[in-house]
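Values in this text are rule-based calculations from the coordinates and carry no lab data. Computed from a predicted model, the values in this text were never measured in an experiment. A quick note on method: Cβ atoms are made from the backbone with ideal geometry, for glycine too, and the neighbour counts reach across all protein chains shown.
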């Protein structure tokens, strides 16, 4: 099966085995809960950094809308990507390619959740936040999933905007405005996305090649990908420190972002001069490679991917910590 063909989920007749009936956990998995948790965290950070005195109940409603919107867009993505998910080892057991959930059901769930989240955000919070949330959902589901993902190796670069927008949605929900500092949070995630996903794709490029997805290592080669990861990582280290000079971050943020930016850059340099993504020697006779096994040559890519998750969490967590009154008092007396 190649990308673009009509996807028919596995059935008992087609594979000679009984397909498991859908459980509520299968529908929950369509929402990509792990991705949703990152969306909630970055949106909450934007909300807190906006300041103001947002009522806790309204803040909870706003976070719920952002979470539901993220889940809705993920379900739309799952509904369309069942064909290529079925060809990749790390995704073939998802609910749609395995046949436990029909694409039409995933589509219906995604549309319903998306409309609900945007509607409640507009009615309960404000129109700006609702508009930004709607744009985020449409950008991920239409621009990235339907257009970019299968057509260009720049899919992650351009499509990364969707994953970068939650902080400005949270900021707009709390204040009704989207100032420069809100977009600076967006810029950090936007610059973080290519090295994060390309590092992963270096040691899973076989999956992407099999599915016909034009990820950077498949189209431009692994050496070019490693160089581009380094370039984006160096830019990220600079952008990551910028909030300390715009009033968004304080001295603690400056120290933390500088230290972790240097760590990110160092791992990117190590990756650039490694052999990550290049063909590995065959395994010894009788040994099978596990789904998440990483060969020795690919470990620099795995290490950067893992550190990138820590990097983003620590930077945004530091912005939150600096807004704790006790911490603000200690900084003021220092």
Normalised Cα Rg of segment 21-164, dividing by 2.2 N^0.38 Å with N its residue count, works out at 1.07
The relative contact order of the chain, taking Cα pairs under 8 Å that sit 6 or more residues apart, comes to a percentage of 18
Expressed to one decimal in nm², the mean projection of the alpha carbon convex hull of segment 22-75 is 3.9
Short to long, in 5 Å steps from zero, the percent of alpha-carbon pairs of segment 132-190 per bin is 4, 21, 26, 22, 14, 9, 4, 1
By Cβ neighbour count within 10 Å, fewest first, 147, 24, 198 rank 24, 147, 198
Here Rg/Rh (Cα, Kirkwood) for segment 55-136 equals 1.11
Ordered by fewest other Cβ atoms within 10 Å, a rough proxy for footprinting exposure, 55, 196 read 55, 196
Taking Cα pairs closer than 8 Å and at least 6 residues apart, the relative contact order of segment 21-164 in percent is 26
Given 154-162, 167-175, the highest-first ranking by average Cβ count within 10 Å works out to 167-175, 154-162
The answer for the per residue Cα convex hull volume of segment 164-214, in Å³, is 83
Taking 317-325, 69-77, 121-129 and ranking on average Cβ neighbours within 10 Å, highest first, one gets 69-77, 121-129, 317-325
Taking every alpha carbon pair in the chain and sorting the distances into 20 angstrom bins from 0 up to the bin holding the longest one, the percent per bin comes out as 29, 56, 14, 0
Using alpha carbon positions and the Kirkwood radius, the Rg to Rh ratio of segment 144-230 is 1.08
